[in-house]
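The values are calculated or read from the model by the stated rules, or taken from the named source; none is laboratory data. A quick note: this is a predicted structure, and the numbers were derived from the prediction, not measured. Neighbour counts run over all protein chains shown; Cβ positions are idealised from the backbone, glycine included. Just so you know, the surface numbers come from the protein's heavy atoms only, side chains and all, with ligands and any DNA or RNA stripped out. Shrake-Rupley method; radii C 1.70, N 1.55, O 1.52, S 1.80 Å.
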Amino acid sequence: MSSSKQVVEKAFDCFNTGDIEGLTALCTENTRWEVVGSAPWCGVHTGKQAVANDFFGKLATYLECTGLEVPHIIESAVGDWVSCPNMTYKAKVVSGSGQDKGIEVPMCTIWQLKAGKVSKYWNYCSVNVVVDALKKAGSM
């Protein structure tokens with residue numbers, strides 16, 4: 001069985017390659033993803049389908065990921081919790097005027113796993129950076 005850290009590393013690999021089906025396969029059926037903020041994809045998403053459609057689907061409507069820097073993946077001593085502080089999400093606005101040159105969003109994620117699958121995920125980012133870029137591009 002993979003360690004919790006390896007599951008999170010695989011999830012990031014799937015995200016970076018756009019393999020949302022592969023990413024949600026790493027989740028429990030009733031996985032709960034909480035994304036803090038006021039952007040259209042923020043909120044609580046429960047279940048694989050909601051994560052795929054309401055989080056990743058909406059995110060892709062507004063932003064194209066150009067890179068994700070994950071300098072630290074820290075697994076708890078008990079192995080069920082993983083935190084990823086000091087991350088940077090790099091993206092381009094894909095809707096609106098298209099004039100945005102790209103954004104870099106500082107963020108942190110926390111993952112809880114059960115039986116080797118993601119059961120809960122929390123995403124804390126500087127959502128004001130994203131909202132400001134979307135407003136500038138005419139997307140919000």
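Of all residues in the range 1-41, those that are on the phi < 0 side of the Ramachandran plot and either of a type in the set (Ser, Thr, Tyr) or within 12 Å of the chain's Cα centre (by Cα) (or both) total 22. Screening the range 34-74 for residues that are assigned to a helix (DSSP H, G or I) and among the β-branched types (Val, Ile, Thr) and picking the one that is surrounded by the fewest Cβ atoms within 10 Å (Cβ to Cβ) gives THR61.
Taking into account only those residues within the range 1-17 that are open to solvent by 50 Å² or more (accessible area, probe 1.4 Å) and free of Cβ contacts under 8 Å to residues at least 60 places away in the same chain, which is farthest from MET140 (Cα to Cα)? This residue is GLN6.
Each residue in the range 20-30 was checked for being touching a helix residue (DSSP H, G or I) at 6+ places or on another chain (Cβ under 6 Å) and open to solvent by less than 30 Å² (accessible area, probe 1.4 Å), and 4 of them qualify.
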